[in-house]
Structures are given as C-alpha cells and as structure tokens.
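*Asks:* My questions all concern the structure below.
The values are calculated or read from the model by the stated rules, or taken from the named source; none is laboratory data. Bear in mind the structure is a predicted one, so any value in this text is a computation, not a measurement. Cβ sites come from the backbone with ideal geometry, for glycine too, and all protein chains shown count toward neighbours.
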Amino acid sequence: MTTELISRARGGDGEAFRALTEPYRRELQVHCYRMLGSLQDAEDALQDTLLAAWQGLDGFEGRGSLRTWLYRIATNRCLNARRSASRRPALDWDMPLVEAPEPTRLGELAWLEPYPDALVPEARYERTESISLAFVTALQLLAPRQLAVLVLRDVLGFPAAEVAGMLDTTVESVTSALKRARAGLRRRLPATGEPAPAPDSPAERALAQRFARAYQAGDVDALVALFTDDVFVSMPPIPLEYEGRDVVARLFAGIFASGRRVDLVPTRANGQPAFGAYLRAATGIRQGSGLFVLTLAGERIRAFTRFDTGVLAWFGLPRSLPPRT
C-alpha cells in the first residue's frame, strides 16, 4: 500500500501524498517545537517540511523508512530556521499600576511559547518530561546541532547511524555531539526535586484547584503557601525572572494590591496544568490577559510561567469572556 501511495504521489496525486504523511504530521510538529521552542515557528517549519517532501518525493529512494526521511527534512528545516531567524524582541512589563520588583535575573528566551496538550500525539516516545517547559527551555540553550542530536537520539530513539545520515555527518560526530548535549542539558535543567503528581490525577487536580482559588481571590498568603522555597516565576516574552518565595511573594502582593483580579479557565500545556487568565473589568467583559502554566513538585508548585494573550487561541480559548452572572 505504501509503495502504491508513493507511486501515485509521485504522479501528482495530492490525496495520496496526504495519506502518506498525515500519520506523521503531529509528531513532526512536536519535533519542530522541541527544536524551535515556538508553536508558530514549529508550524511554519512543518509546512516547509511537507512542501519540501512533496517537491522532493522522487528523491526518496526507499532504503530507509518514510518516517526517517521526513524527520531528516524537518530537522534540517529547523536547523536552517534557527540559523536565519530574527528572534522576536523581548517586551516590557505590561501591568499598569503595578511596579515590578527587581528581578532575580533577565531571561534568555523571550520567544519561548507553550504547546497545547491536545496537539501531542499519543505515542510511546511522547513522554511527558520530553515536552515539559523546563526541558524545552533547556534545549533552546544548546548549540543547534547538539540540540538536534539529543532530540533525535535520546527522545525519539533513532540509531546513531540514522542520525548521522540525517545530518550528513559521521557516527563519531554524532556520538561526540550527544555527549556534549547531555552535559549541557544537565547543567541547565533545574535540580531534581519531588516528582510531580501524575498528569490529570486527583492530586494534580486538587493542587491546581487550590492555586486557582487562591489566585482568583487575590489571597497572597494562600498562594505563597503553595510554592516551593525555590519557586521560579517567568513571563516570556517579558524577560523578568524571579526565584525564591520572598521575591515571588512581593511580586504577587504588588499585583493583587493594585486590585487586579482574574478568572481562570483550566487547560493543559506541555504536559502540565494551565489556565487561561481573564481580567475582570468594570465593563463586565473579561479580557484575556495571558496563559498560566504550573510546574508541580509533590504537593507544591515549583514554577509559574505566564505567557501573553496571543497564545490563547492555540488552546481553543477565547480572547474574552462575557460578564460574570
């Protein structure tokens, strides 16, 4: 059947080409997301990959699998994108009437974006940790070729010889790059703490609900009680980052003291609980004000990441909510 579809696709049959490539579409998008850290960039790279595959199908000789051939194209499209991309600029603090505390540091990844769980394919290699915000963030700080090798070898499980073929290099080069990538990843990943509750488990849901109640009520004490001592707050594309309970408490105290209140709509991002945030206003209409993603550790929240309003549509969330009844 695959041979017949390839023959038809080479003859210009678009439906045959879609039948060949559709089983790999979502996993290729996740791959591009890991490489680029941005859903929009990943979708652009995916479209470039499919166009190149359509135009170059005569070059598929069948010595390896079609999946491997598609990953070769996608990986190289992502490497080209990383080399040529003009990264989107960081943005300024955007909460009127709230003065941000002095940050712990400035983040390096203003372009980082979340990935909806609804788009992650159900496959054995899509482990939750391989799409987590911490993992994807650490990947973006690796050299591009090291990033590609680590994802292809350690996440997707391609043999070293196949990876060498994808990247037009040697097995020795792949082995060396993987060693450096693993070392770099260990340096950049946060220290291992208590494991997070299982996704969508009663423990995870209970903690997320406690967070939502505290945040919607503007209860600083209840909110801070949910955080680990080394809690980390980031807000891409705003580069301000805060680490530690004391400074994070000051940050949220300032936000709540301004009278700023939001209503939260639950969703999931990067294998983690998340919320669309909608700012309450005197007019009654609640405008979207961002997406919150929680990283959990045991019965506490280890990290809070706030993304801007532009990502809400990717999660099937509206730009605004009607007045509360």
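*Asks:* Among the residues that make up the range 166-173, is at least one of them crowded, with 18+ Cβ neighbours inside 10 Å and not assigned by TED's automatic domain parsing to the domain that holds residue 304?
*Replies:* Checked the range 166-173: at least one residue is crowded, with 18+ Cβ neighbours inside 10 Å and not assigned by TED's automatic domain parsing to the domain that holds residue 304.
*Asks:* I'm checking my understanding of the structure. Among residues of the range 45-63 that are within 15 Å of residue 24 (Cβ to Cβ) and loosely packed, with under 14 Cβ neighbours inside 10 Å, which one is nearest to the chain's Cα centre (by Cα)?
*Replies:* The extreme case among them is 47.
*Asks:* Please enumerate the residues belonging to the range 201-238 that are under 22 Å from residue 137 (Cβ atoms) and among the acidic types (Asp, Glu).
*Replies:* Those that are under 22 Å from residue 137 (Cβ atoms) and among the acidic types (Asp, Glu): 204, 229, 230.
*Asks:* Only residues that are farther than 30 Å from residue 133 by Cα and among the β-branched types (Val, Ile, Thr): list them for the range 1-35, please.
*Replies:* Residues satisfying the conditions are 2, 3, 6.
*Asks:* Test of understanding: among 221, 308, which residue is closer than 24 Å to residue 39 by Cβ and of a type in the set (Asp, Glu)?
*Replies:* Just one listed residue meets the conditions, 308.
*Asks:* Can you name the number of the only condition in (1) in contact with a helix residue (DSSP H, G or I) (Cβ under 7 Å, 6 or more places away or on another chain); (2) of a type outside the set (Val, Ile, Thr); (3) not in a helix (DSSP H, G or I) that residue 61 fails?
*Replies:* (1)
*Asks:* Then there's this: May I ask you to list the residues in the range 283-296 that are more than 18 Å from residue 222 (Cβ to Cβ) and part of a strand (DSSP E or B)?
*Replies:* Residues satisfying the conditions are 286, 287, 288, 289, 290, 291, 293, 295.
*Asks:* Going by the structure shown, is residue 100 aliphatic (A, V, I, L, M) and either closer than 30 Å to residue 20 by Cβ or in a helix (DSSP H, G or I) (or both)?
*Replies:* Here the answer is no, as residue 100 does not meet what is asked.
*Asks:* Can you tell me which residues in the range 228-256 are among the aliphatic types (A, V, I, L, M) and touching a residue at least 60 places away in the same chain (Cβ under 8 Å)?
*Replies:* 231, 233, 235, 238, 240, 247, 251, 255
*Asks:* Okay, moving on. So the check is Cβ under 8 Å with 6+ separation or different chains; which pairs have a first residue in the range 15-26 that's touching a residue at least 40 places away in the same chain (Cβ under 8 Å) and over 11 Å from residue 46 (Cα atoms) and a second one that's of a type in the set (Val, Ile, Thr) and surrounded by fewer than 14 Cβ atoms within 10 Å (Cβ to Cβ)?
*Replies:* Close Cβ pairs (under 8 Å, with a partner that is of a type in the set (Val, Ile, Thr) and surrounded by fewer than 14 Cβ atoms within 10 Å (Cβ to Cβ)) amount to 20/2.
*Asks:* Looking at this structure, is residue 63 at pLDDT below 95 and in contact with a Pro (Cβ under 6 Å, 6 or more places away or on another chain)?
*Replies:* No: the conditions fail for residue 63.
*Asks:* Next up: Could you tell me which numbered condition residue 159 fails, if it satisfies all but one of (1) more than 18 Å from residue 70 (Cα to Cα); (2) without any contact (Cβ under 8 Å) to a residue 12 or more places away in the chain?
*Replies:* Tallying (1) more than 18 Å from residue 70 (Cα to Cα); (2) without any contact (Cβ under 8 Å) to a residue 12 or more places away in the chain, residue 159 fails exactly one: (1).
*Asks:* Which residues, taken from the range 71-104, are in the same structural domain as residue 49 (by TED's automatic domain parsing) and at pLDDT 90 or above?
*Replies:* Passing the criteria: 71, 72, 73, 74, 75, 76, 77, 78, 79, 80, 81.
*Asks:* Another question about this same structure. Looking at 196, 214, which is the one that is surrounded by 13 or more Cβ atoms within 10 Å (Cβ to Cβ), of a type outside the set (Lys, Arg) and modelled with pLDDT under 95?
*Replies:* On inspection, the qualifying residue turns out to be 196.
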